[in-house]
Structure formats: C-alpha cells, structure tokens
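Student: First the structure, which I've put down as structure tokens, then a few questions once you've had a look.
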Amino acid sequence: MSDAPASSSALLSFNNVSMTFDEGTKALDNVSFSINAGEFVTVVGPSGCGKSTLLRIASNLEANTGGTCAIDRNSIGYVFQDATLMPWRTVARNVELIAELHKLPKSERQRLAAEAIELVGLNGFEEKYPRQLSGGMRMRASLARSLVMKPKVFLFDEPFGALDEITRERLNDELLRLFQHEGFAGLFITHSITEAVYMSTKVLVMSARPGKIIASFDVPFAYPRNHDLRYEPEFGELCGKISHALRGAHE
Amino acid sequence: MNTANTITNPVEEVIPDKTDRFSFVDYIGPIIVFVAFIAVWYLLSSVVLPEQKRFLLPTPHKVLTDGFFVWHSGERRGLQPILLSLWDSAKIALIGLSITIVVGMSLAVLMSSSRWLERATWPYLVAVQSAPVLALTPLIRALIDGTRTQRLLVVVLIAMFPIVSNTLFGLLSADKSQHELFTLQGASKWTRLVKLQFPAALPNIFVGLRISAGLAVIGAVVGDFYFRQGGVVGIGAQIDVYRNRLWGAELITAIILASTLGLVVFLFFGWVSRRAIGKWHITNRGH
Ligand SMILES: Nc1ncnc2c1ncn2[C@@H]1O[C@H](COP(=O)(O)OP(=O)(O)OP(=O)(O)O)[C@@H](O)[C@H]1O
Ligand SMILES: [Mg+2]
C-alpha cells in the first residue's frame, strides 16, 4: 500500500502493522510508530524478531498482512547489510546505478555521483573496482549510491554489522554528518546498543517474534555528537536501560 | 555543496591491484611436460612398439621431415593439403560455435526467466549432451541435405550444453539483495537482465565458451568422418584417409595440427575472457 503519510510531518508511519508469512510465521504484531523529518529512529531487538521485515514492508519488498504503512515510496534510500555493489562496475559507476535506473541523463547522474562520492569521502577511488576496496570503503560506496537520489527516508538494515569496531565508529560519525547535512529521516537497525544510542533521536525495543514495540527511549543528546559521548555517564545509563528492556524482550 | 560536511580522510587502505608478473614458474612447467612428452614418444616409436608396427607411430623427427616439411606431394600428402582441410574444419567449427552461442545463450535467457521452461527443457539438454550424437548419423543424413549443414549440426549438438548450462547458472547467480536493489527502483525485467544478470553471468559465460569452443573443434573434426562427399574435405576426413593408407607421418602431422587448432581456440577465449572481465573478476585461486 502506498498511502500518503498521515500527518504532514511524518515521513514514515506504521499503523498496527502485522505480518504473517505464507507458511504461518508471524513476524510482526501490531507495530505502530512514526518518524518525522529530522528524526533518526533505531530499532533493536532479538535476532529473528522481525526487524528486517519491518524495513522490507516500508520499502514494499514485502506486503504487510495487517495494518497500514504510509511512506513516500519514490523517496526511499535503502542500505543493505552487505554493500551489494556490482563487482563489474567501478566505484563511480556503482554510485551512478540508482540514478541510472531512474533514467537520469548521463551527465546529470555523473554530476550527482561525483557529489555523493565527495560526501562519503571516496574521492580518488572513483575508478577502483569493489574488490580493491576494504569493507568500510565498500559500505561508503553503498551509502553514496543511495544518497544520489537524495531520499527523504533512509532505511538501514544493520549496515555496519560486519565491520570492525573502529571502522564502525568512524562510519557512525560520517553517517550522522550526512544525516544533519541532508536532513533525511532515518530508520536504522542494529544489534549494538551503543550504536543505537549514539546515532538516534529515539530507540525502539522490539520483543522476540512476533515482534512488537515493547519500549521506546528518547535520546536527549544534541547533534553534532562527539565520539566521547559514548563514555558520558548519562549515555551509559541510557544504554543500561535499553539493555534491560532488551533482556526482557528475550524472555 | 557544503564541503565543510564532507569527509576527506578515509584511512582504510585500498587493496593494491595484483598484476600478473612474469613468472618463470609459469613457463618451466609446460616446457618440462613437453620434453617428457617427446621422450615418451621416442620411447614408444623406437623401443616399445614392435619393429613391424613402428610405421604406425613414426619418430618425432620423421614426422617433421615427412609431414611438416613436405609442402605438397601426391594428391593429398604434405602440409598444404593438411592446412587447407584444417581451414575447412576451422570454418565449420567457428560457424557452428557462433550458432551455438546465439542459440544457447538465448535459450539460457529464456530458461532463466521461466522456471517452467527451465524444468521442461533441462532433461532434454542433458540427454542431448550424453547421447552419442555420432550414432545418429543415419538419421541426420536422412533429415538434412548437404554435408556442410550436417557437419554444422553435429558441431552445434556437441557444443551446446556447456554454453546453455554455464550461461543459465550465471544468470541465476546474482545475489538476492542485488535483485532487491533493482526491485526497489522498479527496474523492468529487461533492465535487470542487461544491467544485473548478464554482467553477473559473464565469468560463467566465458567458462562455457572455452569448453564449447574446444568441443566445437572436436565436433568439426569427428563430423568429418561421417559427413563428406569428395572435393575439399575437412581435417577429419583427411585424417581418415591417412589412417586407411597407413601414412603415419602425415597422420600424426594432421592430428597435431587439429589439436593445435583446439588449443588456439581455447587460448583465444581465455585471452578474451581476461580482457573482458579480468579487471573485476577474482578467480578462486589461493594465490
Ligand atoms: N520470506 C519469508 N518467508 C517466511 N518467513 C520469513 C521470511 N522472511 C523472514 N521470515 C521469518 O520472519 C522472522 C523475522 O525475520 P527478520 O529477517 O525480519 O528478522 P530480523 O529481526 O531482521 O533478524 P536478524 O536480527 O537476525 O536480522 C524470522 O523468523 C524469519 O525466519
Ligand atoms: Mg535482519
């Protein structure tokens, strides 16, 4: 379904969304929340609770069996867990791909791709092939590819899950800068509570399958955030509360 | 664009391009094998074979002097007639291979887009692949006029399977998430084929091409044994003549040149493959 978002400021809203797969797996149960412009919402929850399903419904890769999901489908950026670059394309040509699929003229998409490459700091690597890049750089290229069309809503399915701690923290900062610069609304999935708190304006905790939202935490820290924030007492306290809720979710 | 917000120092290292350096090891192997091959040949032709059977396998130097170094003698002896018939077979192999590529890849595209068609066609492809095509010669002769067409058909039947199976496998090899990326942009089936499935299939397509090219040469050569009517004939027919007349040196010369054709075709497609996909494709070699 592609209803327009209910309230004018909500770019994405789930209203009592449920999902039961064909063979009877109930993945989501009455999920309701919405994301406004300028919000960055992160969902944490036990493995297999339906987090990816939530994103797949939002992007119409999957059709929900109950409730409604309102989003502007023409303005979605989707970042997969793996970079999903085309190995036969150079970085520049990979970043152009989505613009190309939208049939933008060549000069236009090259210009947009160059901008996006600059934004993620991959300048100088335009002519490299994915196999020549490190995991972190591939992820940047993947981010750049989604940035090209300047989506209003960005969906991230554990984009940094496969990266080492240092690279992950660096990319966290870069993504936050992009978030502030581009002003999109973000829906982010992660298994890391620290990452969730560091990135978000709000953290939602999902229960084990069938996934429901069982807790919601507003994150009070102002942007831009500094990586030392992770060692502030308030930060740790919030992480503790979320961890506690998550423990409950596993029961 | 606000450059203050850009990130300018990715510290992760770029993995350097591993270029193929000249390596002695790559050349010493084939040379050793070649020397061993010649040695075994001498052993066979001048020690192992009984005296009265040695005309079947002349020594290497005799093959050179009586086969390769004779340009033209008698009606069919010498290098020139061998090369002419080799050229005739090469043409059959190449035309047959071209037909195989067009038909085989089209079939693979159709099969990749329809599970039903894949199911329906697959058993018959496997059957054709394992059928002794040459046992069908009477049937082929009865159904099709013209030795040229008959020879082409043999080439196509023998070379078809690797092209179809490898192309199909390649077309189906793109990741689920790569497909979803295209789905998210509302890409058409055609766009998906051209921009995702076909490039993803290229490494497999080249594997299929190399195998099929070798088979096409074999098909052209053995097809000659069964389909010919005087006049200029293929290398297979030429070999058959030498075999019947027990002309050992010419026979071996013709066989070596026929194998060389296969080798050249194989190397050619290897070269094309490296040119086309070498930049991005990683072969699964540990080093
Ligand atoms: N296409 C499908 N058909 C049937 N069941 C599915 C399908 N996709 C997901 N599921 C099931 O739905 C449940 C939720 O899956 P989902 O991938 O959304 O979980 P997740 O929260 O993203 O897990 P993880 O943290 O491991 O990524 C799982 O039990 C999964 O097996
Ligand atoms: Mg998931």
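The values are calculated or read from the model by the stated rules, or taken from the named source; none is laboratory data. Note that the coordinates shown come from a computational prediction; the quantities given were computed from them, not determined experimentally. Glycine also receives a Cβ, built like all others from the backbone with ideal geometry; neighbour counts cover every protein chain displayed. Note: areas computed on protein heavy atoms with side chains; ligands, DNA, RNA excluded. Shrake-Rupley method; radii C 1.70, N 1.55, O 1.52, S 1.80 Å.
Student: Please count how many residues of region A:19-70 are touching a residue at least 40 places away in the same chain (Cβ under 8 Å) and of a type in the set (Asp, Glu).
Tutor: 3
Student: Can you work out which of the residues in region A:52-93 that are touching a Lys or Arg at 6+ places or on another chain (Cβ under 8 Å) and within 15 Å of ligand 1 (Cβ to nearest atom) is nearest to A:Val148 (Cα to Cα)?
Tutor: Ranking the candidates gives A:Ser59 first.
Student: Same structure, new question: Can you tell me which residue in region A:42-52 is nearest to A:Leu12 (Cα to Cα), limited to those that are surrounded by fewer than 23 Cβ atoms within 10 Å (Cβ to Cβ) and within 9 Å of ligand 2 (Cβ to nearest atom)?
Tutor: Going residue by residue through region A:42-52, those that are surrounded by fewer than 23 Cβ atoms within 10 Å (Cβ to Cβ) are A:46-48, A:52.
This time we only want the ones that are within 9 Å of ligand 2 (Cβ to nearest atom), so: A:47-48, A:52.
Details: A:Ser47: 24, A:Gly48: 23, A:Ser52: 16 Å.
Checking each candidate, the answer is A:Ser52.
Student: Does region B:114-130 hold any residues that are among the polar types (S, T, N, Q) and open to solvent by 60 Å² or more (accessible area, probe 1.4 Å), and which are they?
Tutor: B:Gln129, B:Ser130
Student: Right, something else. Based on this model, can you work out whether B:Glu13 counts as modelled with pLDDT under 75 and not β-branched (Val, Ile, Thr)?
Tutor: yes
This table checks each residue for (1) at pLDDT below 90; (2) open to solvent by 20 Å² or more (accessible area, probe 1.4 Å); (3) in a loop (DSSP other than H, G, I, E, B).
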| position | (1), (2), (3) |
| --- | --- |
| B:Ala159 | no, no, no |
| B:Ile163 | no, no, no |
| B:Phe182 | no, no, no |
| B:Asn204 | no, yes, no |
| B:Ala213 | no, no, no |
| B:Asp224 | yes, no, no |
| B:Gln238 | yes, no, no |
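Student: OK, next. Could you please find all residues in region A:210-251 being open to solvent by 90 Å² or more (accessible area, probe 1.4 Å) and among the charged types (D, E, K, R)?
Tutor: Residues satisfying the conditions are A:Asp218, A:Glu234, A:Glu237, A:Lys241, A:Arg247, A:Glu251.
Student: Here is a list: A:Gly236, A:Gly186. Which entry is more than 14 Å from chain B (Cβ to nearest Cβ), part of a helix (DSSP H, G or I) and away from ligand 2 (no atom under 16 Å from the Cβ)?
Tutor: One residue alone meets the criteria, A:Gly236.
Student: Looking at B:Gln80 and the list (1) touching a residue at least 40 places away in the same chain (Cβ under 8 Å); (2) touching a His at 6+ places or on another chain (Cβ under 9 Å), which single condition is not satisfied?
Tutor: All conditions are met except number (1).
Student: Among the residues of region A:125-144, how many are of a type outside the set (Ser, Thr, Tyr) and within 9 Å of chain B (Cβ to nearest Cβ)? Lay out the reasoning, then the answer.
Tutor: Taking region A:125-144 as the starting set, the residues that turn out to be of a type outside the set (Ser, Thr, Tyr) are A:125-128, A:130-133, A:135-141, A:143-144.
Cutting the leftovers down to within 9 Å of chain B (Cβ to nearest Cβ) gives us A:125, A:128, A:130-133, A:135-137, A:140.
Number satisfying all stated conditions: 10.
Student: Shifting gears a bit: Condition first: more than 16 Å from ligand 2 (Cβ to nearest atom), closer than 22 Å to A:Ile76 by Cβ, within 14 Å of chain B (Cβ to nearest Cβ) and assigned to a strand (DSSP E or B). Can you find one or more residues in region A:197-209 that meet it?
Tutor: For region A:197-209, residues more than 16 Å from ligand 2 (Cβ to nearest atom), closer than 22 Å to A:Ile76 by Cβ, within 14 Å of chain B (Cβ to nearest Cβ) and assigned to a strand (DSSP E or B): absent.
Student: Looking at A:Phe217, A:Phe188, A:Phe235 in this structure, which one is of a type in the set (Phe, Trp, Tyr) and farther than 23 Å from A:Leu28 by Cβ?
Tutor: Of A:Phe217, A:Phe188, A:Phe235, the one residue that is of a type in the set (Phe, Trp, Tyr) and farther than 23 Å from A:Leu28 by Cβ is A:Phe235.
Student: Residue under question is B:Ala237, and the condition is that it be touching a Phe, Trp or Tyr at 6+ places or on another chain (Cβ under 9 Å), more than 25 Å from B:Leu168 (Cβ to Cβ) and more than 14 Å from every other protein chain (Cβ to nearest Cβ); does it hold?
Tutor: Against the criterion (touching a Phe, Trp or Tyr at 6+ places or on another chain (Cβ under 9 Å), more than 25 Å from B:Leu168 (Cβ to Cβ) and more than 14 Å from every other protein chain (Cβ to nearest Cβ)), B:Ala237 qualifies.
Student: Take the residues of region A:53-69 that are more than 14 Å from every other protein chain (Cβ to nearest Cβ) and buried (at least 20 other Cβ atoms within 10 Å of the Cβ): which is nearest to the chain's Cα centre (by Cα)?
Tutor: Let us first name the residues in region A:53-69 that are more than 14 Å from every other protein chain (Cβ to nearest Cβ), namely A:54, A:64-69.
From the residues that got through so far, the ones that are buried (at least 20 other Cβ atoms within 10 Å of the Cβ) too are A:54, A:64, A:69.
On the way: A:Leu54: 11, A:Asn64: 19, A:Cys69: 17 Å.
Per the criteria, the residue is A:Leu54.
Student: Identify the single condition in (1) surrounded by 14 or more Cβ atoms within 10 Å (Cβ to Cβ); (2) modelled with pLDDT of 85 or more; (3) not hydrophobic (A, V, I, L, M, F, W, C) that B:Gly248 does not satisfy, given that it satisfies every other one.
Tutor: (2)
Student: Given the conditions (1) within 18 Å of B:Phe182 (Cβ to Cβ); (2) within 11 Å of chain B (Cβ to nearest Cβ); (3) in contact with a helix residue (DSSP H, G or I) (Cβ under 9 Å, 6 or more places away or on another chain), report the number of the one that A:Ala113 does not fulfil.
Tutor: (2)
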